Every structure is written in C-alpha cells, then in structure tokens.
Amino acid sequence: MKQITVIGVGYVGLVTAACFSDLGNEVVALDINKERIAGLKRGEMPIYEPGLEELVQRNIKAGRISFTTSYKDALKSAEFVFICVATPSGVDGEADLKHVAAASRDIAKNMSAPLIVINKSTVPVGTGDWVADIIKQHQPKPIDFSVVSCPEFLREGSAIADFMNPYRTVLGSLDEEAADMVAQLHLPLRAPIVITDLRTAEMIKYASNAFLSTKISFINEIANICESLGADVKEVAAGMGFDERIGPDMLNAGIGYGGSCFPKDIKALAFMAEEMSIEPRILKAVMETNAERRERIINRLIEVIGDLKGLNIGLLGLAFKPNTDDMREAPSIEIAQKLIAQGARVKAYDPVALEVARPLLPKVEMVDNAYKLAEGCDAIVINTEWNEFIQLDLEEIKSKMKQPVIIDGRNIYDPEKMKALGFIYRGVGRGYNNDRDLIKKEIIQDHVS
Ligand code: NAD
Ligand code: UGA
C-alpha cells in the first residue's frame, strides 16, 4: 500500500484516484473546487463516467479514498502526488499552464517530506523541468523531490477499463530511483512500461493524440472521396483495418473529432512546432479537415431539404462521444449554432449530456427522449453514436416526423434499410445519395468515353 495524493478530480484525476485506491493504495484526492469535493464526500460524482460511482463508493467504504480541498492535509503523508489539472488552450493555441503552475506552487508550499511529483496532465515538452523549478523556488525550506512525467492515455466513456488495462505506461525521468518507484506503482496494471526522459515522455503523449486525430481526418477525407465515387467508407475502413499495420481503430468517418483533448492538443503541438520555426503541415491539414466536417453536414442537410429557415431540426446526441456527459468542443455545439444562424428551430436529445449542454445551447429546446425529439421534425441530425439510438423503433420515429429525413453524422444505420423504411437518409462517405448503381454506371461511362 502506498500513500498517493491526486490533484484535480476531473475526468483524469478522479479516475486515477479511484483506480489507485481500488488497487489497494491509500489515496487522498484534492481539488480547489469546493462544490466538487463536498459532492464527492456525499458520494456524488462531478462527472458522468460509466462505473465510476460504484468504484468511488466501494473505496470510500473501504476507507482507501478521501477528499479534501486542503493541500496541507492532502500532502501530510503523501509519497506520490499526481498532478491531474486541466491544461486548456490559450489564446494562440498554446497549452495554458496556469493550473499546473498553481498546483506546483501549492505542492511546494505544503510538502513536509520527500515526494515524487508525477505529472499526468498533458503538458508541452519542457514542462516537467519548469515544474521542478517552480517547486524549488516556492519551497519554504529545501526538501527532496523528483518530477516524473506519466502521461495519461485513457478515453472518456471507457476511462476505468482504459486506466486498468493500458496499452502501455510511459514514464519520463532521468532520476532512475524515482522512475523505478513510479513503475512499481503501475506494475499491477501489467502493461509494458516505457521509461524515458521527461521531454520524450511529454512528446509521446502529444504525438499519440496527433496521430490518432490524423487517422480520423484521413478517413474523413477518404469519406469525401467515397461520397463522390459511390464507395462505402465504412466498408473501406473495415477492409483497411484488417492490415495490422493500419489497425481498425480511429477509422470511423463522421462529423470529426471533438472533446477536451484532441482539438486542444493538436493546436498545442502545432504551436510548439511553430515556436521552433517548424511548419506543422500535417497537423494543420488535420485541423482544417476536421473543421470542415461540421460545415459539410449542414450542407448535406440543405442539399436534401433546402432553405432551413423556419424548419424544425432535431439533434440526436450532443456529447462529443458516447458514454460521457462531456460537451467540451462537442461538434454538436457548432452544428446547433449554425442551424440556428440559418433560421432553423432546433431541439435536442442526449441520454446524459442534457444538463451540461443546456447552458451552452440556450436557444436549443432540450427533450428527454428520442421519440419526443422526432415529433414535428423536418429532419434529424445524428451527432453521437449512443448505443440506445441503434435500436430505436424507426417506424415510430418516422411516423412522428414531418419529413422523414435523417442526416447521420456517425453512420449508425444501414443506408439500404433506411431507404426501405422510407427515410431520406444520408450517412457520411457512403455512396452519395445511396444510388450506388447509378454512380457506378456514370464512372464507367466516364472511363469508356
Ligand atoms: P478536468 O477539467 O475534467 O478536471 C480538472 C480538475 O482540476 C478540475 O476539477 C479543477 O477544479 C481542478 N483544478 C484546477 N486547478 C487546480 C489546482 N490548482 N489545484 C487543484 N485542483 C485544480 O480535466 P481533465 O479532462 O481531467 O484533464 C486533465 C488533464 O489530463 C489535461 O491536461 C488533459 O489534457 C489530460 N487528459 C485528459 C483526458 C480526458 O479524457 N479528459 C485523457 C488524457 C489526458
Ligand atoms: C482521446 C484519446 O483516444 C485518448 O487516448 C487520450 O487519452 C484522450 O483523447 C486525451 O488525451 O484526452 P477521448 O477524447 O476521450 O480520448 O475519446 P476518443 O474516443 O479518442 O474520441 C475523440 C473524438 O474523436 C470524439 O469526438 C470521437 O467522436 C472522434 N472519433 C473517434 C471519430 O470521429 N472517429 C473515430 O474513429 C474515433
């Protein structure tokens, strides 16, 4: 059993705290947000993440996890402290490190014994050294400490499973003893452990997120080409994915990536490159392709139903991905705003993100199920591939709609089945207008003539 302090109880911090306590460690989780900590003490989760509430409550009962807003209390007997605070985008796309700086200062002022400070927040290359400087400068008296980078690779919606079964653990430190102690902490996860220097570990995190977003923008570009040539991007992706060098993941074409990390991390990496006078050509193309996705879905809708003024449009799904209530950089926000700007009346349904979405989309009427959403709609746009949407009674949905138009930004339905049900259905990258035979003939004719 180790004594662990986790700073920040958001998506990463709370999962880290809960999982380490479940692995038998004694964990104190700290946040400056008093409401979050008061709620956690009552057993209420500040975020929606499947399985998190049970995990936290089990470990509260076992006495292995506690919550505080006091750095002094949190660091009293800590051997390891994990920094898990947010690193949002700054004005020029750089990572804003104010929360990391504040946490580092408070660690310095309140530590009373030697400590290993482990950074889990996604931070620009060089931040680990900078954190060490901040701690040195703010310690009232010198106490030994070491800074180790341990970037987090979990995904929202499957955070606990990802934390407990990572593809790898990356540790960055030149202090071999500290790196080894942090490695010991991660041994129960039974994943390969990559030990490297601080800067390389920090870069592994950015490079990984950048590569995953590149895959998404790549398949979205392929989807555009598929649409014009009558191919089906879902089948193309499946066919590609069997090649182990490519792999099947991150090849779902759609309305583009959103969320609290890909958008900000790609921007931050491009910023780092430009600061060093390196032109981040691929990263810029990835961002441009992603930005076009929202526009494209609106254009598709207009192609099908014409001028949007006065029409009722339903948004099925608001969260940036399924199984989360996270609305940060959710594509649905921009899509809703664009629809409203064009004069449409917009309503929305999401299984868990409605409350988080309400203040962000004050002009959108929120309803509490998919069938209410369908009532009187001229079209439905699907933004999030929640499981519960896959088994909807589509006959009933159709019967409630004014016009049976579905624009599916996540390709959750089969175009042929939708056509047979009488929908005017458009997916992403799936043989434009569903008239594949017609398109094929045109292409053949082009080549013959
Ligand atoms: P979040 O916004 O959900 O949570 C951050 C928490 O830190 C908040 O509760 C906030 O009140 C608290 N906080 C801010 N300043 C503090 C301070 N000085 N002291 C104590 N607490 C403080 O953020 P998140 O999504 O968990 O992301 C945290 C970091 O992890 C980011 O760098 C992010 O890029 C990275 N990351 C996130 C994910 C993810 O899926 N969300 C995955 C991997 C890595
Ligand atoms: C992502 C990474 O997958 C994690 O490894 C990383 O730790 C995390 O960012 C982070 O650094 O915060 P997350 O954002 O939770 O995790 O979710 P993903 O499942 O990766 O999806 C990100 C976005 O890409 C979503 O908007 C999703 O809809 C979109 N996406 C994903 C696609 O459009 N197509 C895909 O094939 C996969």
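Values computed for the structure shown
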| item | result |
| --- | --- |
| Qualifying residues in segment 1-16 (those that are open to solvent by 10 Å² or more (accessible area, probe 1.4 Å) and modelled with pLDDT of 95 or more) - the one farthest from Leu187 (Cα to Cα) | Gly10 |
| Top-ranked residue of segment 241-268 - restricted to ones that are more than 12 Å from ligand 2 (Cβ to nearest atom) and more than 15 Å from the chain's Cα centre (by Cα), ranked as most open to solvent (accessible area, probe 1.4 Å) | Arg245 |
| Criterion (assigned to a loop (DSSP other than H, G, I, E, B), more than 28 Å from Ile160 (Cα to Cα) and assigned by TED's automatic domain parsing to the domain that holds Ile266) met by exactly one of Leu361, Leu301 | Leu361 |
| Out of Ala38, Ala18, Ala29, sole residue that is assigned to a helix (DSSP H, G or I), within 25 Å of Asp106 (Cα to Cα), in contact with a helix residue (DSSP H, G or I) (Cβ under 7 Å, 6 or more places away or on another chain) and within 16 Å of ligand 1 (Cβ to nearest atom) | Ala18 |
| Any hit, segment 296-308, residues being among the acidic types (Asp, Glu), open to solvent by 50 Å² or more (accessible area, probe 1.4 Å), farther than 30 Å from Asp378 by Cβ and more than 9 Å from ligand 2 (Cβ to nearest atom) | no |
| Test: Ile412 is without any contact (Cβ under 8 Å) to a residue 60 or more places away in the chain, within 21 Å of Ala336 (Cα to Cα), in contact with a strand residue (DSSP E or B) (Cβ under 7 Å, 6 or more places away or on another chain) and in a loop (DSSP other than H, G, I, E, B) | yes |
| One residue from Arg328, Arg294 being closer than 27 Å to Ile47 by Cβ and either outside the structural domain of Gly429 (by TED's automatic domain parsing) or outside any helix (DSSP H, G or I) (or both) | Arg328 |
| Residues of segment 107-138 satisfying the condition of being among the acidic types (Asp, Glu) and either under 17 Å from Leu171 (Cβ atoms) or within 28 Å of the chain's Cα centre (by Cα) (or both) | Asp129 |
| Verdict on Leu229 being away from ligand 2 (no atom under 15 Å from the Cβ) and outside the structural domain of Val356 (by TED's automatic domain parsing) | no |
| Filtered residues of segment 135-180 (kept if within 19 Å of Ala101 (Cβ to Cβ), open to solvent by less than 10 Å² (accessible area, probe 1.4 Å) and in a helix (DSSP H, G or I)) | Ile135 |
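Residue-wise test of (1) more than 15 Å from ligand 2 (Cβ to nearest atom); (2) out of contact with any Leu (no Cβ under 8 Å at 6 or more places or on another chain).
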{"residue": "Gln137", "(1), (2)": "yes, yes"}
{"residue": "Lys141", "(1), (2)": "yes, yes"}
{"residue": "Cys150", "(1), (2)": "no, no"}
{"residue": "Ser208", "(1), (2)": "no, yes"}
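The values are calculated or read from the model by the stated rules, or taken from the named source; none is laboratory data. Since the model is a prediction, treat every value here as computed from it, not as a measurement. Glycine gets a Cβ as well: all are built from the backbone with ideal geometry, and neighbour counts include every protein chain shown. Keep in mind that these areas ignore ligands, DNA and RNA; they rest on the heavy atoms of the full protein, side chains included. Shrake-Rupley method; radii C 1.70, N 1.55, O 1.52, S 1.80 Å.
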